[in-house]
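The values are calculated or read from the model by the stated rules, or taken from the named source; none is laboratory data. For clarity, every value in this text was computed on a predicted model and none was experimentally measured. Neighbour counts run over all protein chains shown; Cβ positions are idealised from the backbone, glycine included. We work out accessible area using only protein heavy atoms, side chains counted, and drop any ligands, DNA or RNA first. Shrake-Rupley method; radii C 1.70, N 1.55, O 1.52, S 1.80 Å.
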Amino acid sequence: MKNTLRQVFHSSKFVAGFIIFVAILLLMIIYPLINPGNPLQQIGVGTFAKPGTYVSLYDATKAPVSTFRLPDAAEKRLGTSLSEEDKAAMVEWFEAVGADISDLDTNDTEKMLEMWDEYYDPSAKPKGMIRAKILYYGRLDKSLKEMGSGDGDSISIAEPNEEGVLEETKKILDTDYVNTKEVANVKTLPLGTDNFGRDVLKELVSATGTSIRIGLIAGIVATLIGLTLGLLAGYVGGFLDDIIMFVTNIFTVIPGFVLLILISYSIGQEQRGAAVVAIVIGFTSWTWTARSVRSQVISLRNRDHVNLSKLSGHSLVRIVLTDILPYIASYVVMAFILQVSSGILSEAQLSLLGLGPKTTEVPTLGLMMNWAMLYSAHTNGSWWAYFPVILTITLISFSLNLMNTGLDQVFNPTLRD
Amino acid sequence: MGKAMLEVKNLKTKYITRFHEDVYAVDGVSFTIEEGKSLGIAGESGCGKSTLALSMMGYYFAPLHYISGDIIIDGKNISGMDPDTVRKTILGTEIAYIPQAAMNALNPTQKIIRFIEDVVHAHDPKKDKKEIREMAEKRFAELGLPAEALNKHAVELSGGMKQRTVIAVSTILNPKVLIADEPSSALDVTSQKMVIKMMRELMEKGYIKSMLFITHELPLLYNVTDDIMVMYAGQLVEKGSAEQMVFDPVHPYSHGLMKSILVPEEGTRGQKLTAIPGAPPNLKRPPDGCRFAARCKYAKPECRYSAIPEREFEENRMYRCLMGVDELREVYGNE
Amino acid sequence: MKGYRKYFGKKLLWFVITFIVAVILNFILPRLMPADPVASITGKLAGGNSDASAVAEIYKRYQKEFGTDLPMIQQFFRFCKNAIHGNFGLSFSQYPRSVSNIIASSIGWTIALQLPAILVGWLLGNILGALAAYIRKGYDKVLLPVALFLGNVPAFGMAVIMLVIFGVYLKIAPISGGYAFDMIPHLSWNFIKSVISHYQLPFWSIVIISIGGQAVGMRSMSIYELNADYVKYSRFLGIKDRKIVGYVFRNAMLPQVTGLAMSIGTMIGGALVAEIIFSYPGLGSTMYSAVTSADYPLISATTLIITIMVLIMTFLLDIIYGFIDPRVKAAQFE
């Protein structure tokens, strides 16, 4: 046993898979400690807030002010406030006055402004340009000059006084800065929010935990059923074997996901908790285990050590536990690992069909994916709502399969490199 | 003395393991088989006898590698030849091989006749298919196989038929040397005898000129081969005629191996060899002195560090031991 | 030939038994639903109608239409009889279209998409797996982890990633539907062009998903065969390596046919979900809309059709396999 374990941990594939899986598990355990709270709580009002740090504007105005004169502040300000239309209009002007725009990058604000200074002439009247457009450029130039000037700009904060008349209470200069540590409310959302305004990272960590649990339950159910039926069919044989194999063959051919869909649908949305879904998945995926366990047991059944036990009058349970199970243990473990990974995948697919666990209790990876798709995260550029989910499912299943390949190479040496 | 069909001179080959270590599996082996003669090689598993069989083919692929020595088949030295020439002109035509597990030696999804065509075409691409079929049918008939077997796949043949088919395919081009590597270990006793009989017949009919038999079942060798060699840890330890080796083994290792088959008669024939305690040395770092010393009852301190040469004595006999022949015989006599 | 007929007969018998069980399950499972489906449908269709007697009237009508007022066993025979005539009743969500009409318009899309995609993926996967096994060094070290990783990207994940990269960012191909939404299916160059461009993303994402798993399987199979005794024996008879590699790949490839038969159910399952992502007008999308609108006759019919498709595929592959692999032939045909 110890020796086998040592061998297993010498397999680089197994170790790589094991490390990835344990890392995911650790993250799942540690993150909620750092960031506790209900993962399904809707913290944002809109949908799909971008990943980043959010600073309360209200609190920021109340925080103590420091003054900085950063050399590139004005330019950065311009960069974020210049709209795409303004940029396009500037490029249009350059074209109209015959400037060379072949290697112009519209995101390079500094270069754009330089060119603007060089080519804009308020008195110019490019051919074919209507008067309204020329006036528009005049306004654009003015606002560019103002924003670019860098000092003297300010925003006033006004609050109504006792008579209900707005009264300026504070003036915010463009050189005023506040330390984020002194702002009462700052929220970092590494993966933004989802369509319901929930913290995606928190939701993802919780969903990963649920999905792994679903996989484990499904794997345990499938392995137990498969192992029991396989042992009975293989060891007892005869009529029992015929019956079990009849059932197993039928359920091998009828696609498991069809059964899964039918059963899940029959159970109804209300009854479908995560555990129920997991058990249903387990119930529809035991056939491979049963078949392989059976064939392994048949090859073991007539080995000397088993016959010896039989002659010694040991009970069936004891023979199975001491003379059969240890020999197929490695195989059963491998089958279990595969069942776990396919259980996680099945839950995701089921949820995408709208047949996943009920949506009010816990998030699962499949439900998160389903929500993201329902709200078109993939077409509106909200990658943070679906990509981390896909990556997580892939990593879990990749790590489990790596472990499995590693085990396979240890126990079936012909596959060894 | 007849014409030498196979001469092996100081052959050395090694395995290179996954961890880039060298394992010297055949370490300086020399012997000769004459026309019409058969030679048996005996030894424990792992002593290098199967590797010796592979090494004699002159066709190496990883992890087996050639180091040095000569392999001369009917006067032609093949050890320096380029592998493709060996493949084309030597394998199957000059020297052929019957593998350990005949059960799995045939490609399960190919018809036997297609395989025979591939074998013949590998040496003579222009040979007519009709001619090949005639050749194959003739050889099959001689081995008691029905011609219909040619149109079957290996999986459709019974165990005994597979064994005979492998013999037929291996000898289809009438090789001068036929190497059989434990051809019978997977068969029951009746089939074993039949296989041996067929191989002898093939030699008597002159299809093959000499045979080399590799086995760990010593009783089998006594019935089949003219000469016997005993191999230990990559080297030959003793060589002689079957009679001499069985009734008068000289080397302590052969003595230990042969003791149990002194009387090759019904009743004692199947008797298990008395096990020699201990395990063969690690061939990654072979010992300087006698390789058997660690397990030898009669070993002296000098056995462990002085190199032991092969020593000729009597006619056609060799052994590798520090002790003299008479000394050894006397020790055995006193037991 | 006699052996073959027996083999065929045995397989056919299995096919029929499995089919019957599938139909029974398909009939029973939705009826095990704790809530009365007819009641829920009535509730939905009756909408704001508060007149109790009118609702009861509608309920009665539906009960009759579905035959839920009959005993279970009678319902079953009625279900079978209708199903044989291709009559699966009316759809709720797309009333008054019949279920068979909806299925007829989507099944073609699914077959045209999935069959070629799964076969191409299977073929490419096997070639890559064989290469990985033969070349071993380097390529194997790089290809295998990549293939393993790709093989573990779930079908829907691959579909979404392809959609975003090629559809949304690179705008190479349209991202949803089976043809441009402003077109009416008819035979014209424009329509065919539109169909082909819409075909690209779903097709390639299914292909890529299929490649991963197949490549890994083929590689282990090939390595196993490369170590087989017949390889060594053939070498020592002087047969060229290239020819031997041919033997090996043929032998490794054949069990992959069984692999395909075994996994075709799972593959179609994944591909159906991929269809949903691309809103491809096939059975997957049909099933999705049926589930979301609780269209229970439609769900029942789609799952039955998918089961039948999988059964036929498995049956055909089994037959082909028995025919091309002498190992199976020897074991089964006597």
**Request:** Extending each Cα 7 Å along its Cβ direction at C:I73 and B:I72, get the distance between those two points in nm, one decimal.
**Result:** 9.2 nm
**Request:** Can you tell me the relative contact order of region B:1-103? Whole percent, Cα pairs under 8 Å, sequence separation 6 or more.
**Result:** 31 percent
**Message:** Cα atoms only: what Rg and Dmax, in Å, come out for region B:4-333?
**Reply:** 20.5, 67
**Asked** Per-residue mean of other chain beta-carbon atoms within 10 angstrom of the beta-carbon, peptide C:13-20?
**Response** 2
**Asked** Mind listing the phi-derived Karplus ³J(HN,Hα) values for region B:309-316, rounded to whole Hz, using 6.51, -1.76 and 1.60 with θ = phi - 60°, and x for any glycine or proline?
**Response** x, 6, 10, 7, 8, 6, 8, 6
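Per Stokes-Einstein, at 4 °C and 1.567 mPa s, what whole-number D in µm² s⁻¹ belongs to region A:73-147, with the Kirkwood radius over Cα pairs as the hydrodynamic radius? Provide the component values of the computation, followed by the final result.
On the way: Rh = 12.7 Å.
In µm²/s, the coefficient is 102.
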**Request:** Under a 10 Å cutoff between Cα atoms, tell me which one of A:G37, A:G234, A:G164 has the largest fluctuation in the Gaussian network model of chain A.
**Result:** A:G164
**Fill in**
Buried accessible area between C and A, both sides, 1.4 Å probe, in Å² rounded to 100, is 4400 Å²
**Prompt:** Which ³J(HN,Hα) values, rounded to whole Hz and listed in residue order, are derived for region B:86-97 from phi using the Karplus coefficients 6.51, -1.76 and 1.60 in 6.51 cos²θ - 1.76 cosθ + 1.60 with θ = phi - 60°, glycine and proline given as x?
**Reply:** 4, 4, 6, 10, 10, 5, x, 9, 9, 9, 10, 9
**Message:** Can you give the Rg/Rh ratio of chain A, where Rg is from the C-alpha atoms and Rh is the Kirkwood radius?
**Reply:** 1.20
**Asked** How well do other chains shield peptide C:157-164, expressed as the mean number of their Cβ atoms within 10 Å of each residue Cβ?
**Response** 5
**Request:** Using Cα positions and a limit of under 14 Å, work out the aspartates and glutamates in reach of B:K14, with same-chain residues fewer than 8 apart set aside.
**Result:** B:D22, B:D27
**Prompt:** C:K193: which lysines have alpha carbons under 30 Å from its alpha carbon, excluding same-chain residues fewer than 8 sequence positions away?
**Reply:** C:K171
**Prompt:** Once both axes come from the Cα atoms, what is the angle between helix C:37-46 and the longest principal axis of chain C, in degrees from 0 to 90, rounded to 10?
**Reply:** 60 degrees
**Complete:** Taking Cα atoms only, helix A:383-411 is inclined relative to the longest principal axis of chain A by an angle, in degrees rounded to 10, of 30 degrees
**Asked** Counting DSSP beta bridges with both partners in region B:4-333, what percentage is antiparallel, nearest 5?
**Response** 60 percent
**Asked** Carbon and sulfur together cover what percent of the accessible area of region A:300-404 at a 1.4 Å probe radius?
**Response** 62 percent
**Fill in**
Computed on Cα atoms, the radius of gyration and Dmax of the protein assembly as shown in angstrom are 39.5, 135
**Violating pairs (Cα-Cα greater than 21 angstrom) within the set B:K9/B:K49; B:K205/C:K232; B:K3/C:K232; B:K88/B:K176; A:K76/A:K170; B:K111/C:K243** = B:K205/C:K232; B:K3/C:K232; A:K76/A:K170
**Complete:** Largest-first semi-axes in Å of the equivalent ellipsoid built from the Cα gyration tensor of chain C are 45, 27, 16
**Prompt:** Comparing C:T307, C:T18, C:T292, which has the greatest mean-square fluctuation in the GNM of chain C with Cα pairs linked when under 10 Å apart?
**Reply:** C:T292
**Asked** Among the residues of region C:224-245, which ones have their accessible area go down by 50 Å² or more when all the protein chains sit together, as opposed to their chain alone (1.4 Å probe)?
**Response** C:D229, C:Y230, C:Y233, C:R235, C:F236, C:L237, C:G238, C:I239
**Item:** Cβ-based charge dipole, the protein assembly as shown, positive-most Cα from C:I299, B:T215, C:G151
**Value:** B:T215
**Prompt:** Any idea of the accessible area per residue across the protein assembly as shown, 1.4 Å probe, to the nearest Å²?
**Reply:** 47 Å²
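Given contacts defined as C-alpha pairs under 8 Å and at least six residues apart, what's the relative contact order of chain B, whole-number percent? It would help to have the intermediate numbers written out before the result.
Values: 604 pairs, mean separation 63.8, N = 335.
Taking the mean separation of contacting Cα pairs over the length of chain B, I get 19 percent.
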**Complete:** Here the relative contact order (percent) of chain C, from C-alpha pairs under 8 Å and at least 6 apart, is 26 percent
**Request:** Heavy atoms only, probe 1.4 angstrom, no DNA, RNA or ligands counted: give me A:Y58, A:Y119 ranked by accessible area, highest first.
**Result:** A:Y58, A:Y119
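Run the accessible area of region A:73-147 with a 1.4 Å probe and give the carbon-and-sulfur part as a rounded percent.
On the way: 2420 of 4820 Å².
Carbon and sulfur: 50 percent of the exposed surface of region A:73-147.
How much length is gained if the chain between A:Y54 and A:S66 is pulled fully straight, taking 0.36 nm per residue apart and subtracting their Cα-Cα distance, in nm to one decimal?
On the way: separation 12, 0.36 × 12 = 4.32 nm, distance 1.99 nm.
This chain segment gains 2.3 nm when fully extended.
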**Message:** Checking the cross-link filter: which aspartates and glutamates have an alpha carbon closer than 20 Å to that of A:K13, excluding same-chain neighbours under 8 positions apart?
**Reply:** A:D408, A:D417, C:D140
**Complete:** Expressed in square angstrom to the nearest 10, the accessible area of A:F387 with a 1.4 Å probe stands at 80 Å²
**Asked** Counting partner chain Cβ atoms within 10 Å of every residue's Cβ in C:310-316, what's the average?
**Response** 2
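Calculate what fraction, in whole %, of the accessible area of region A:175-295 sits on carbon and sulfur atoms when a 1.4 Å probe is rolled over the protein chains. Intermediate values should be presented prior to the final figure.
Numbers: 3020 of 4460 Å².
Carbon with sulfur: 68 percent of the solvent-accessible area.
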